[in-house]
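Below is one structure; the comments refer to it alone.
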Amino acid sequence: MATTEDINKSQQPNKASELGKDNKETPYHCGTVALLGVPNVGKSTLMNRIIGAKVAIVTPKPQTTRHRILGIHTDEQRQIIFVDTPGIHKGAQQLNRNMVRVAYAAAEEADVLAIMQDASKPLDMPTKKLIERFADGRLKQPRIHVLNKVDRADKSRLLPRLKQLQQLDPGAKAYIPVSARKGTQTDSLLKELTKYLPEQPAIHDPDWFTDQSQRQLAGEYVREQVFLSMHQEIPFQTAVDIERFEDLGDIIEIEAVILVGSERHKPMLIGKGGGGMKAVGTKARLGLEEILGCRVRLNIWVKVDEDWFDHPGKLIELGLGAGNE
Ligand SMILES: Nc1nc2c(ncn2[C@@H]2O[C@H](COP(=O)(O)OP(=O)(O)OP(=O)(O)O)[C@@H](O)[C@H]2O)c(=O)[nH]1
Ligand SMILES: [Mg+2]
């Protein structure tokens with residue numbers, strides 16, 4: 001049964017594991033890999049796939065991830081601490097600027113940069129610019145390019161795409177086609193990433209697979225359903241605040257508030273006779289029951305907080321600051 005704040009099996013995030021401590025022949029590797037890219041390329045899907053749990057929400061809409069999320073993969077050879085980041089994009093609001101800052105800060109702190117792109121689409125300008133920016137050598141860490149969504153890509157275009165990428169960033173260590181959705185080539189990616197991680201024992205307990213608390217997950221699972229069910233600008237102007245999270249032993253009770261940025265979004269979100277909210281609540285609850293491993297009672301309210309996404313103080317309150325405050 002899950003405890004109030006922690007979804008990891010072990011309750012000790014900082015208890016170093018014994019892994020890699022006494023094997024002198026095969027060195028153990030442990031370090032951080034930042035997952036970087038424009039929105040929607042599949043960064044969160046890849047991290048979830050590798051660690052085997054949905055700790056980062058995934059939707060077909062861009063700008064789904066809004067803050068830094070750790071997902072930790074541990075095996076006999078390595079412990080890779082993946083840092084999922086918000087997609088790098090241009091956006092007018094303070095929220096957009098914070099998201100981009102969070103992504104660049106994660107890149108600066110990582111041991112290895114995994115720069116992802118969607119190989120099922122032609123190389124677009126934002127992706128090209130992003131690659132050039134990382135290839136300029138300002139950041140010294142090894143770069144590995146990950147060409148995702150190959151399950152949907154035209155195979156005959158893959159080789160020219162790899163060549164194009166090699167020209168754009170000849171200094172990168174590798175260019176690896178994967179399918180995060182299907183899990184294709186993710187083992188090769190792990191092997192390649194491992195080569196560039198420091199030789200050291202595991203930092204985290206092997207049972208520790210994310211830094212997301214149950215409370216954070218609750219907010220994200222609700223937001224995921226809002227992203228999936230709403231259109232146009234509504235999802236981007238919506239945030240979720242968990243006002244109460246209480247583990248009563250046989251059930252977890254959660255009170256969630258969905259913040260909307262304008263009065264006119266409220267009825268759209270609530271839907272006819274509250275049907276929209278009911279659907280969001282039911283789906284979020286089922287997802288949470290699965291990951292938390294126990295029954296959940298979820299109550300959701302909708303509140304208007306005019307232009308919350310452009311107020312630095314409010315963003316910090318919601319855990320959506322730029323990370324350096
Ligand atoms: N066909 C296919 N779809 C994928 C693959 N990986 C991710 N997707 C889909 O691409 C969409 C975006 O995936 P995310 O993982 O949310 O992308 P992201 O890069 O984290 O996006 P942001 O958080 O917005 O930056 C979702 O609909 C995924 O199901 C893949 O390997 N193949
Ligand atoms: Mg994401």
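The values are calculated or read from the model by the stated rules, or taken from the named source; none is laboratory data. Bear in mind the structure is a predicted one, so any value in this text is a computation, not a measurement. When we count neighbours, we look across all protein chains shown, and the Cβ atoms used for this are built from the backbone with ideal geometry, even at glycine.
Those helices (runs of 4 or more DSSP H) of region 163-277 in which at least 1 residues are closer than 23 Å to ILE7 by Cα and acidic (Asp, Glu), considering only elements entirely within it, cover 214-229.
Of GLU246, GLU290, GLU317, which residue is more than 23 Å from MET99 (Cβ to Cβ), among the acidic types (Asp, Glu) and within 22 Å of the chain's Cα centre (by Cα)?
Just a single option satisfies the conditions, and that option is GLU290.
So, in region 11-45, how many residues would count as being within 16 Å of ligand 1 (Cβ to nearest atom) and either at pLDDT below 95 or among the polar types (S, T, N, Q) (or both)? Total meeting the criteria: 3. For region 64-74, the count of residues that are over 17 Å from ILE203 (Cα atoms), in contact with a strand residue (DSSP E or B) (Cβ under 7 Å, 6 or more places away or on another chain), small (Gly, Ala, Ser) and in contact (Cβ under 8 Å) with a residue 60 or more places away in the chain is zero. Might you let me know whether region 131-142 holds any residue that is among the aliphatic types (A, V, I, L, M), more than 22 Å from the chain's Cα centre (by Cα) and modelled with pLDDT of 95 or more? Taking every residue of region 131-142 in turn, at least one turns out to be among the aliphatic types (A, V, I, L, M), more than 22 Å from the chain's Cα centre (by Cα) and modelled with pLDDT of 95 or more. Regarding PRO126, is this residue surrounded by fewer than 17 Cβ atoms within 10 Å (Cβ to Cβ) and within 16 Å of ligand 2 (Cβ to nearest atom)? Yes, satisfied. Flag not set for ALA92, criterion: farther than 20 Å from GLU192 by Cβ, more than 13 Å from ligand 2 (Cβ to nearest atom), at pLDDT 95 or above and out of contact with any helix residue (DSSP H, G or I) (no Cβ under 6 Å at 6 or more places or on another chain). Return yes when GLN232 is without any contact (Cβ under 8 Å) to a residue 12 or more places away in the chain, more than 21 Å from the chain's Cα centre (by Cα) and surrounded by fewer than 19 Cβ atoms within 10 Å (Cβ to Cβ) and no when it is not. In short, yes.
Residues of region 301-325 that are farther than 25 Å from ALA107 by Cβ, among the charged types (D, E, K, R) and outside any helix (DSSP H, G or I): LYS303, ASP305, GLU306, ASP307.
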